[in-house]
Amino acid sequence: MKFTLSWLGQYLSLGGLTAAQLADRLTMLGLEVEAVQELHTGLDAVKTAKVLSVRKHPDADRLTLCEVEVGDKILPVVCGAPNVRAGLVTAIALPGAKLPGGMEIKKAKVRGQVSEGMLCSFKELGISEAGSGIVELDPALASGLPLAEALELRDTMIEVDLTPNRADCASVIGIAREVAGFSGQQVRRPVQSLPAFAPQAEFSVRIAEPELCPRYAARRLTGVTVKPSPWWLQRLLLAVGMRPINNIVDITNFVMLEYGQPLHVFDYTKIAGKGIVVRRPDAGEAKFITLDGSERSLEPDMLLICDQEKPVAMAGVMGGLNSEVDDSTTEILLESACFNPVSIRRTARRLNLASEASYRFERGVNPEGVTKALERAAQLVCELAGATAAEGLDFYPGKKELIQLELRVKRVNSLLGTSLSGSEIAACLRGIDFSVTEAAGEVLNVTVPAFRMDIEREVDLIEEVARLVGYNEIPVSLPVIAMDCPQPEPLRQLRKKIAAALLGLGFYEAVNYSFVSKKHSDQLGLAADDARRQQVELLNPLNEDQAVMRTMLLPGLLDNIRRNLSFQQSDVRLFETGKVFVSTAPGQQPVERQQLCAVISGGRHPEASPLHFSGQHSDFFDLKGAVQALLRELRLTAAISFETVQEQAEPYTEPGCALRLMANGQQLGLLSKLTREAARAFGIKQDVYFCEIALEPLNALPAAAKSFSSLPRYPSVRRDIALLVPEQVSAGDLLQDILDHKMQHVVYADIFDVYSGKPIEDGMKSVALTVTYRSSEGTLDDETVNGFHEKIVSSLMSRFGGRYREIKESV
């Protein structure tokens, strides 16, 4: 939002306030000033001048020799402007002047003729882009005056960077209201009273979409003369970066900047049927040509301003070429309306058509200010275009009651740390046009004005009080902080341990959005009644790939694998810990659960040299080993086991290639291989192994505290066991039996060989295990070790139907 000090001064007294002081006060009010710029500071050597005579240059067809009066001097000047003529009052840059474009003026000869200055255009002076001829000033102006003084160019432009919630300050009057709030003044408004609108008029208005257009007002004006605007109006628009066009268009732009209410003007004679309809596009209305001559594509949800036959404007964005005001226009229809901000924002983005009007409509305009801006514009059209105001119509289907809030004085002081009285708080709010009455019990009844669409709660009013009192005036106090240590959140600690362990195993952590595509359930082949299909849908998703909240982590990691493969990264190890959201019933909050999901695909040793590990691909046992290593790192003391799943565990898992992770009879998770069909659905052409583990039940399992022991002082003794067992017996069951017995002095046990085939008889296999014994109190002798070892062997033989094949010993 741009304005100048002189413009602001039309609505209240600045009382000697400098631009820097004003910028500082506005910034402390929450209106951050982005720029303060002195305008036209380099025009000291540019004066007004009167052309006394003009004659052809003897040596150049396009140049003229002029005698120019500058005060009491008459100077020869060579000029090439087409509009130079005797009697013209214009601007001259005298020798020594340095123009904004960098040109330095010197006394020189031009084609043999002396020129003691340059007659300038507005473009050369940096005032505007109009550069077709030299400046034409009021003939009554005396020559020799400083141009900046004669045209009242000396001013300061201030630009405020508004936050989206402060649409009320997208106008000069809005800024003046804020200044009045801290200076104790009343804003002088150009329109003090409004004429009544007729119930009927020569033209008609129908709002077919009242939810998108809560208010629409229009007034007809006759006897209009379209011509250039007076200099005071051009000057104000130029100062804030707007290009003057003609008096009618300039008035609408001026009032928009003054009131923050965008306006539009139609050539009334081009309105078919003398009626306005606010509606969406009809069937067959696919294209529309806007004022800039561009053909725009219409979509069904865009809002249009139409006459009885066709669209004439895109509501809140830009008018149409078919109803444009031109030099021959004598009768106009002036429009002032309020449109739905979301609708205007959507239309402007789709058309890539941002404008000053859409900027304000997108943030919301004051519906109560619609007719005020309309009457201000009508007043100026009558004054500057010689028009006569005819009838007007005002339709307000979306009128709402003003918000009423209670503001507790005690609550204000509690939140701000102040000791303000009720009357002081009321004075602050009244200063920015809030209606305040004092009630019993130190409570203020506050009526929120319509232009403050961001005020909805008591705390919003307290924020207003804080900025009006001044943040620098609020006492500073140090917070009281208890000297204690917050209790770490258990699940967060578990996630950190899991991340550290898996990173150490060569995995990379992925962080995906919780918003996913609906297609994931179909890609995994989930059944229609599967609870994971009960997804929470977003009301306003960013796109269709982020339309629902995830019920699984696996699809996100599969998308990550596909993306890595597209970049020729075929060796992938990823994991993610995060929330999944399971819907319980319509209208209720979903249940949030923490999960771990890890995937392995591609090579077994992703970053190892292919000379030593070429062609080794990951398999199911790599995944199982990673899970076992993770469980060891978590130091869980509960009995955790893997149960083989013979059938298909899930629609997306390979039959016979799955393990359930169990603890205390409860399933913690699942390890499996992804089916080829599911992999292809995600665009993956190689094997993928995955695990899914629920973190809440995992976190509930007891874990051993970390303890430290000295290095062993006494040597260990190792015994190997080789047994023949039935082929259906799992080697892991033998090892688990040894570990479950917790035999005294057994410090380590593991499998080192499994063999079946000749010379082993059919239906049997050989399993070789190693057991290590050690005592912390002394060296174990053979007799002691043999006693313990025979108990272990006897247990294995009796439980699993095994018999000796061979026993080896080493110390």
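Brief remarks follow.
- One residue stands out among those in the stretch 605-618 that are closer than 24 Å to residue 499 by Cβ and not polar (S, T, N, Q): the one that is surrounded by the fewest Cβ atoms within 10 Å (Cβ to Cβ), which is 607.
- Residue check for residue 318: touching a strand residue (DSSP E or B) at 6+ places or on another chain (Cβ under 8 Å), modelled with pLDDT of 90 or more and either open to solvent by less than 40 Å² (accessible area, probe 1.4 Å) or farther than 20 Å from residue 366 by Cα (or both): no
- Residue 771 being β-branched (Val, Ile, Thr), exposed (fewer than 15 other Cβ atoms within 10 Å of the Cβ) and closer than 24 Å to residue 639 by Cα: no
- Residue-level check: of (1) open to solvent by 90 Å² or more (accessible area, probe 1.4 Å); (2) under 60 Å from the mean Cα position of the chain (by Cα), residue 798 misses just (2).
- Looking only at the stretch 229-270, and only at residues there that are β-branched (Val, Ile, Thr) and open to solvent by 40 Å² or more (accessible area, probe 1.4 Å), the one that is nearest to residue 370 (Cα to Cα): 249
- Identification of helices (runs of 4 or more DSSP H) wholly contained in the stretch 356-458 with 3 or more residues that are within 30 Å of residue 208 (Cα to Cα) yields 356-363, 370-385.
- In the stretch 83-93, of all residues being surrounded by fewer than 18 Cβ atoms within 10 Å (Cβ to Cβ) and over 52 Å from the mean Cα position of the chain (by Cα), the one that is nearest to residue 140 (Cα to Cα) corresponds to 87.
- Hey, residue 346 of a type outside the set (A, V, I, L, M) and surrounded by 21 or more Cβ atoms within 10 Å (Cβ to Cβ) or not: no
- Of 463, 391, 458, all but one fail to be over 34 Å from the mean Cα position of the chain (by Cα) and acidic (Asp, Glu); the exception is 391.
- Residue within the stretch 41-52 that is within 26 Å of residue 168 (Cα to Cα) and open to solvent by 50 Å² or more (accessible area, probe 1.4 Å) present: no
- Residue 658 surrounded by 19 or more Cβ atoms within 10 Å (Cβ to Cβ), touching a residue at least 12 places away in the same chain (Cβ under 8 Å) and under 25 Å from residue 737 (Cβ atoms): yes
- Just one of the listed residues (532, 467, 492) is buried (at least 16 other Cβ atoms within 10 Å of the Cβ) and under 24 Å from residue 592 (Cα atoms), namely 532.
- A count restricted to the stretch 271-305 and to residues that are assigned to a strand (DSSP E or B), more than 19 Å from residue 329 (Cα to Cα) and open to solvent by less than 40 Å² (accessible area, probe 1.4 Å) stands at 7.
- Any chance residue 135 is without any contact (Cβ under 8 Å) to a residue 60 or more places away in the chain and either touching a Phe, Trp or Tyr at 6+ places or on another chain (Cβ under 7 Å) or open to solvent by 20 Å² or more (accessible area, probe 1.4 Å) (or both): yes
- Considering only residues in the stretch 680-704 that are out of contact with any Gly (no Cβ under 6 Å at 6 or more places or on another chain) and either of a type in the set (Asp, Glu) or free of Cβ contacts under 8 Å to residues at least 60 places away in the same chain (or both), the one that is farthest from residue 661 (Cα to Cα) turns out to be 680.
- Output for the stretch 714-736, where each listed residue is open to solvent by 60 Å² or more (accessible area, probe 1.4 Å) and hydrophobic (A, V, I, L, M, F, W, C): none
- Per-region count, the stretch 737-768, residues among the polar types (S, T, N, Q) and surrounded by 12 or more Cβ atoms within 10 Å (Cβ to Cβ): 2
- Hits in the stretch 169-216 - residues which are open to solvent by 10 Å² or more (accessible area, probe 1.4 Å) and of a type in the set (Asp, Glu): 202, 209, 211
Every residue, every condition in (1) under 26 Å from residue 164 (Cβ atoms); (2) of a type in the set (Val, Ile, Thr); (3) free of Cβ contacts under 8 Å to residues at least 24 places away in the same chain, yes or no:
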{"position": "302", "(1), (2), (3)": "yes, no, no"}
{"position": "311", "(1), (2), (3)": "no, no, no"}
{"position": "314", "(1), (2), (3)": "yes, no, no"}
{"position": "342", "(1), (2), (3)": "yes, yes, yes"}
{"position": "345", "(1), (2), (3)": "yes, no, yes"}
{"position": "358", "(1), (2), (3)": "yes, no, no"}
{"position": "364", "(1), (2), (3)": "yes, no, no"}
{"position": "369", "(1), (2), (3)": "yes, no, no"}
{"position": "376", "(1), (2), (3)": "yes, no, no"}
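- First in the stretch 463-479 and without any contact (Cβ under 8 Å) to a residue 60 or more places away in the chain, second anywhere and exposed (fewer than 11 other Cβ atoms within 10 Å of the Cβ) and assigned to a helix (DSSP H, G or I), Cβ under 9 Å, 6 or more apart: none
- Qualifying residue in the stretch 534-542 (condition: hydrophobic (A, V, I, L, M, F, W, C) and touching a strand residue (DSSP E or B) at 6+ places or on another chain (Cβ under 7 Å)): yes
- Neighbours by Cβ (under 6 Å, 6+ apart or cross-chain): first from the stretch 734-746, closer than 19 Å to residue 765 by Cα; second open to solvent by 40 Å² or more (accessible area, probe 1.4 Å): 735/751
- The stretch 229-270, residues that are hydrophobic (A, V, I, L, M, F, W, C), in a helix (DSSP H, G or I) and farther than 16 Å from residue 127 by Cα: 248, 249, 251, 254, 255, 256, 257
- Count of the stretch 497-517 residues which are open to solvent by 20 Å² or more (accessible area, probe 1.4 Å) and part of a loop (DSSP other than H, G, I, E, B): 6
The values are calculated or read from the model by the stated rules, or taken from the named source; none is laboratory data. Bear in mind the structure is a predicted one, so any value in this text is a computation, not a measurement. Cβ sites come from the backbone with ideal geometry, for glycine too, and all protein chains shown count toward neighbours. Surface areas here come from the heavy atoms of the whole protein model, side chains and all, with no ligands, DNA or RNA. Shrake-Rupley method; radii C 1.70, N 1.55, O 1.52, S 1.80 Å.
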